[in-house]
Amino acid sequence: MGNEMGPPWLKPMLKTDYFFPCPFHSDSNKSECNMYCLDCMGNAFCSYCLIHHQGHRLVQIRRSSYHNVVRINEIQKHIDISCIQPYIINSAKIVFLNERPQPKPGKGVTYTCEICARSLPDSFRFCSLGCKLNGIRRGDSELTFSHKRGAFDGMDSDDEPSTPKKIAFSSGSISSGDENVNGMSPDTPPLFNRHRRKGIPHRAPF
């Protein structure tokens with residue numbers, strides 16, 4: 001990669017605006033700009049603009065609780081995302097792009113982000129890609145976005161990033177729109193109405 005501060009597209013991707021109507025396809029369905037090209041490093045664009053980025057490296061930005069996220073199986077192909085808190089949201093493993101402001105940590109919090117003090121469910125150092133970048137900027141020689149040689153070889157797209165411990169991920173919800181990340185425990189299974197329908201009464205035989 002040549003630059004321990006990260007590839008040239010990382011900072012522009014973190015600072016780009018997303019989820020606005022595409023100026024070229026505003027009359028079409030699903031014209032929300034949530035795609036980013038790592039080769040062009042320009043503005044976000046919609047799925048109809050993909051024709052102009054054939055053969056390029058692309059990632060899709062998604063949203064959770066009004067904050068931008070990216071799926072791990074897309075981003076870890078390009079940078080080392082170790083030390084960043086992952087989440088499982090709607091069965092997809094994700095990391096947040098930037099820090100999420102938090103007034104103050106809740107009671108009983110054990111782990112927090114080293115940069116923004118965001119509460120973390122597991123023993124990771126950072127809450128987002130942006131916070132890891134700031135951790136590198138402050139001079140931590142152990143941090144890098146560069147993959148170690150062969151580190152990604154043979155890794156499945158759904159493999160977990162390296163963690164301080166083998167810890168279960170948090171769960172919540174995600175969509176291309178806007179939803180909340182729920183707690184640290186698995187989602188509660190839905191409750192179903194199990195009332196039986198009354199059948200036709202049968203008279204006892206004489």
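The values are calculated or read from the model by the stated rules, or taken from the named source; none is laboratory data. Remember, it's a predicted structure, so these values are computed and weren't measured experimentally. When we count neighbours, we look across all protein chains shown, and the Cβ atoms used for this are built from the backbone with ideal geometry, even at glycine. Surface accessibility is based on the protein's heavy atoms, side chains included, excluding ligands, DNA and RNA. Shrake-Rupley method; radii C 1.70, N 1.55, O 1.52, S 1.80 Å.
Here's the yes/no breakdown for (1) on the phi > 0 side of the Ramachandran plot; (2) basic (Lys, Arg); (3) modelled with pLDDT of 95 or more:
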position: Gly2; (1), (2), (3): yes, no, no
position: Lys11; (1), (2), (3): no, yes, yes
position: Thr16; (1), (2), (3): no, no, yes
position: Phe19; (1), (2), (3): yes, no, yes
position: Pro23; (1), (2), (3): no, no, no
position: Asp39; (1), (2), (3): no, no, yes
position: Ala44; (1), (2), (3): no, no, yes
Matching residues, the stretch 8-25, being more than 18 Å from the chain's Cα centre (by Cα) and either buried (at least 17 other Cβ atoms within 10 Å of the Cβ) or among the aromatic types (Phe, Trp, Tyr) (or both): Phe20, Cys22, Phe24, His25
Lone qualifier among Ser28, Ser82 - being of a type in the set (Gly, Ala, Ser), within 19 Å of the chain's Cα centre (by Cα) and either closer than 25 Å to Glu142 by Cβ or in a loop (DSSP other than H, G, I, E, B) (or both): Ser82
Test: Phe96 is more than 11 Å from the chain's Cα centre (by Cα) and surrounded by 18 or more Cβ atoms within 10 Å (Cβ to Cβ): no
Unique match (being acidic (Asp, Glu) and under 20 Å from His147 (Cα atoms)) among Asp27, Asp17, Asp39: Asp39
Close pairs from the stretch 7-19: first part of a helix (DSSP H, G or I), partner not aliphatic (A, V, I, L, M), Cβ under 6 Å, at least 6 apart: Met13/Tyr36; Leu14/Asn98; Leu14/Gly130
Selected residue (criterion: most open to solvent (accessible area, probe 1.4 Å)) from residues of the stretch 41-64 that are outside any strand (DSSP E or B) and within 23 Å of Phe96 (Cβ to Cβ): Asn43
Any hit, the stretch 99-118, residues being farther than 30 Å from Cys49 by Cβ and in a strand (DSSP E or B): yes
Tally, over the stretch 66-79, of residues that are out of contact with any Ser or Thr (no Cβ under 7 Å at 6 or more places or on another chain), open to solvent by less than 50 Å² (accessible area, probe 1.4 Å) and not in a loop (DSSP other than H, G, I, E, B): 6
